1. Put Val267, Val85 in order of accessible area, largest first, 1.4 Å probe: what do you get?
2. Any chance you could look up the accessible area of Val93 with a 1.4 Å probe, heavy atoms only, rounded to 10 Å²?
3. When all protein chains stay in place, what accessible area (Å², nearest 10, 1.4 Å probe) is found for His191?
4. About the Cα centre of the range 118-199, what is the dipole size in debye to 20, counting +1 per Lys and Arg Cβ and -1 per Asp and Glu Cβ, all else neutral?
5. How much length, in nm to one decimal, is gained on full extension between Ala105 and Gln244, taken as 0.36 nm per residue of separation minus their Cα-Cα distance?
6. Leu198's amide H: which non-local residues (gap 5+, or another chain) put their own amide H closer than 5 Å, with H modeled 1.01 Å from N in plane and none for Pro or chain starts?
7. Ignoring ligands, DNA and RNA, how do Ile114, Ile31 rank by accessible area with a 1.4 Å probe, largest first?
8. Can you pull the accessible area of Trp254 for me, 1.4 Å probe, Å² to the nearest 10?
Amino acid sequence: MAGVDGLEQVAGGAVGTAMTADAVPECVPRIPVPDLAMAVRRGLRPVAPTTRPLRDAVGATLARPLQAQTAEPPVDAATRDGYAVSGPGPYWVVRAGKVNSATPALAAGEAARIMAGTPTPLGTTAVIRDAHVEFARVLGQAVLMRVSGAPKSDDTRVRGAQWHAGMVLAAAGVRVGPAVVSVGSSAQVDHAAVRGPLSADVLVTSGRLGRGGTRGVRWAPDAVAPVVSDFLRSCDIRSGKVWQVSDGELLRSWFTLSADAEVVVVVGALDEVRFLLAVRSRRSDRRAHGDGALCAGGVDRA
């Protein structure tokens, strides 16, 4: 992107015939302010989707639904410290040691100590929390029993209790924020198809600041340039430098330069912007329908 000096050099060449406000073509739409948002939405076309790491897509919009790649939780696991048991009871013989990845399957009537978050061994029919168990002796053998009056609850979080593989976690059109990134990471979603976030070039013209006016005209303070980038960022539009250019030929010259931004925000110079949009609209319509066609309302970036 060229700086202002580069713009001045471009402005020295032929950039078209100047037009005054009175010469603006009638095809430029004049839209009441309350209807402006709807008019803009009708003329918008979605940007092309890209696939990128989910953690790098904050501020973008999902182009396709975000689907889980794995179940959550991926295996049955204990939600409380307690005992994994096999069978209906009323008592179970406790194995020595705690449950781990090498614990063999429980046989009917067996129990094993298990900690919260640990996957349950094969053969487990329930997990009973510590507060609901007591020890007793049956036929001279120490056994585990439920406390009298304790609910017959199961403290197992079963596989897929939160979601299953293939389940839609966020629909297309949802903004990618920290919550979407967190959920996607839990579901092992590394990449996502997204649109945006958009980037914008911001042009603040000197005419709106009162520069170049006749003697006695007060210079207006610049209340836009210091905050416009922050405002755009709050709308998930990324912007870098705010360009300050003069009205007229220098502003029109900017539109002849190449830029990567999808959006151009121009503050001030309404007549010049109308002219640029009208010329672009006329050219686009002629390419589509021939030179005799009327000016179209929708325009592309000049």
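1. Heavy-atom accessible area, descending, gives Val267, Val85.
2. Looks like 50 Å² after rounding.
3. Near enough 110 Å² of accessible area.
4. 120
5. Numbers: separation 139, 0.36 × 139 = 50.04 nm, distance 7.31 nm.
Fully extending the segment from Ala105 to Gln244 adds 42.7 nm.
6. Correct list: Arg238.
7. I get Ile31, Ile114, largest accessible area first.
8. Using a 1.4 Å probe on the heavy atoms, I get roughly 0 Å².
The values are calculated or read from the model by the stated rules, or taken from the named source; none is laboratory data. What you see is a predicted model; the values in this text were computed from it and never measured. Reconstructed Cβ throughout: ideal geometry from the backbone, glycine too, with neighbour counts over all protein chains shown. Accessible surface areas use protein heavy atoms only, side chains included; no ligands, DNA or RNA. Shrake-Rupley method; radii C 1.70, N 1.55, O 1.52, S 1.80 Å.
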